[in-house]
Structure formats: C-alpha cells, structure tokens
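What follows is a set of notes on a single structure, which appears directly below.
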2 protein chains.
Amino acid sequence: MVAFTRPTVQMLRLSRKSDYALVALKALRALGPGDALSARELASRFGLPVDLTPKVLARLAQAGLVQATLGKTGGYRLARDAESITVAEVVRILDGDPELAPCREGILECNRIADCDLRHPLGNLQREMMNVLDRMTLANL
Amino acid sequence: MVAFTRPTVQMLRLSRKSDYALVALKALRALGPGDALSARELASRFGLPVDLTPKVLARLAQAGLVQATLGKTGGYRLARDAESITVAEVVRILDGDPELAPCREGILECNRIADCDLRHPLGNLQREMMNVLDRMTLANL
DNA sequence: GTAAAGGCGACCAATCTGGTCCGATATTAG
DNA sequence: CTAATATCGGACCAGATTGGTCGCCTTTAC
C-alpha cells in the first residue's frame, strides 16, 4: 500500500525561506522589550535548518525588519511594530517580487493583443492577491 | 554587461499549465456557439507548446470544463458558462490543491503548539487567497 | 481508406530551491 | 587583551518539480 502521497504542489506556495522567516518573526514578536533570540536558538526551537536560519534573519535584518546585535550575548529582535510588518513585505525580501504569470521571455506572442489581453486581467488577479498579502500583518498572524 | 536578468520568482506563481489553460479558455470563450478550436490552432495562435497544449485541454475536458469533439473537424469548445469557471478550479485541475505552507513531513515540531500556532493563521491567509481565486471567473478575466 | 483530430502514458531535460560548507568580521565577557 | 560567540556573505551541490517531447492508439470526416 502506497502511503498517502499527497501531490505536493509547488505552485502558489510560499517559499521555505518565507515560511521560516514568518516562524522566526512570530517568535520574536513574543519577546520582551530587552530580550533577543539567537539564530541558533530559533533554529533549534522550531526545527529550522541551522545554517539557513542565520541567512534568512540576515536578510530580514538588512531590510530593517529585525535588529541584530553582535557579540557573545547577541541575537535578534523586532525592529518595527508587528502591525507594520506584512507578509507581502517578508515575501518580497526573501523571494523577490512575485508574479502570478510572468511574460515568457523571447516569445513573439508577447506583442499579440490577444495574449496580453489575458495577461492584463491576470494582473488584476495578482493585484488582489498582493492586497491580501499586504493586509496580513505579523500582528494579525 | 549582463542583460537585465530579473530574478524570476517561482514561488507564488501560477504554473505554466494553468497559464496556458487560461489563455486557451479565454480564446474558447470568444467562440460562436457552433464553433470549435483545435489544440493545434490554439497552440499556434498563442505560441503555446504544440505537444503540451492537447494535454492541458484533455485535463480540462475530463474535468468537464470544455467539450472535446474527435475526428477530422474536431476541436474544443467551452462546456459551461464562462461565469461558472473560476481560476481556482482551473488551477486545482491542473496543479492540484495549492497550499501556501504545507506542513513539512516528519518534522517533530509539527506537534508543537508554537509552530502550528503559526500555521493555522497562515491557513486564514490561504483561505483569503483561495477566495480571490474563486471569485475570479473566466468571464471576469 | 486516408488524413486529421483528440487521448493517454512514459520519458527526458532544464530549472529552481533548499541546504551545507567555507570563511571573514564584529562585539562582548572575563 | 584574548577568546568565545555572534552575525555576514559567497560559492557550491544535490534533490525535487516542472515542463516539454515522443510515441502509439482511437475516433471521425471526406
């Protein structure tokens, strides 16, 4: 008997990095004002990849979402209000600007009216989706 | 000089198949009541892969979205009102049920409250997204 | 009967992602 | 001052997923 292999869909999915970032951010949100969490601690607490977690947090740090303190007792803490941190922003930082249906490069039909006639309304769809991601803040999570 | 390589993001993207399907469906929508379009015609008209297009349409046909007629003068036509065909349905047919952040298998933390505390609200996000996809019909496109 | 169309399964290749290793740098405890 | 611990950043490799192709078969119009 084959064991329940759900066809894991790749499309329309958050990247692992974004996933991890949200987990970490949410943990940081629960911290006291003076406290901080190290990447190592976050990784071990949530089962995140040990070597990938610092990378993710570094990106968040240089984007200004979290504040990193070096040194022996260092770690990360939120740099902004949880209300101001949106899922859309996190995704954009870690995976870039998502496009539902990017124009395929070097395709002749990209100039065709009939085709871009479709791609434009798809843009509406995308805009709606981004709206959803924009409205979902860390505080709402 | 490296030529403008925008980091095409894979995540949060429609699959190519869904993309093609929407293009094809939209073309079928513009058809007269008795007319039909062959996969070949659709492919050449929109620059879709010739061998992949029939496959996509076949899936749509067996899902009941389009009606296929065999034979020399065969082709496809819409089998339902454009108003009743949603993007969500198309995606589900071609790529399966999308999950924003599927639980990683075999992870110990899946039982942890802190973790699934996050995944549940992510479910809300997903539900909102699916709502958007559900509301966007072929007629709206 | 022949040509053109869809139906279906298997297979291969390119791409993307995720994960790891490596080192360098900065800061704090003692 | 020194050592330990933290962040930072690049390069690299392997696995997974997607997408595209080839093949053969059935059905229908002429």
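The values are calculated or read from the model by the stated rules, or taken from the named source; none is laboratory data. From a predicted model like this one, the values you see are computed outputs, not experimental measurements. We place every Cβ from the backbone using ideal geometry, glycine too, and count neighbours over all the protein chains shown. Heads up: the accessible areas ignore ligands, DNA and RNA and are worked out on the full protein's heavy atoms, side chains in. Shrake-Rupley method; radii C 1.70, N 1.55, O 1.52, S 1.80 Å.
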- Task: May I ask you to list the residues in the stretch B:61-103 that are open to solvent by 20 Å² or more (accessible area, probe 1.4 Å), among the β-branched types (Val, Ile, Thr) and outside any strand (DSSP E or B)?
- Result: B:Thr73, B:Ile93
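Residue-by-condition table, conditions (1) away from chain A (no Cβ under 14 Å); (2) on the phi > 0 side of the Ramachandran plot; (3) more than 10 Å from DNA strand D (Cβ to nearest atom):
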| residue | (1), (2), (3) |
| --- | --- |
| B:Ala24 | no, no, yes |
| B:Val50 | no, no, no |
| B:Ala58 | yes, no, yes |
| B:Gly74 | yes, no, no |
| B:Leu78 | yes, no, yes |
- Item | the stretch B:38-48: number of residues that are crowded, with 19+ Cβ neighbours inside 10 Å and either within 13 Å of another protein chain (Cβ to nearest Cβ) or touching a His at 6+ places or on another chain (Cβ under 9 Å) (or both) | 4
- Query: Quick one: is B:Ala82 free of Cβ contacts under 8 Å to residues at least 60 places away in the same chain, within 13 Å of another protein chain (Cβ to nearest Cβ) and in contact with a Lys or Arg (Cβ under 6 Å, 6 or more places away or on another chain)?
  - Reply: yes
- Message: Among the residues of the stretch B:1-31, what is the count of those that are at pLDDT 85 or above, more than 10 Å from DNA strand C (Cβ to nearest atom) and not in a helix (DSSP H, G or I)?
- Response: 4
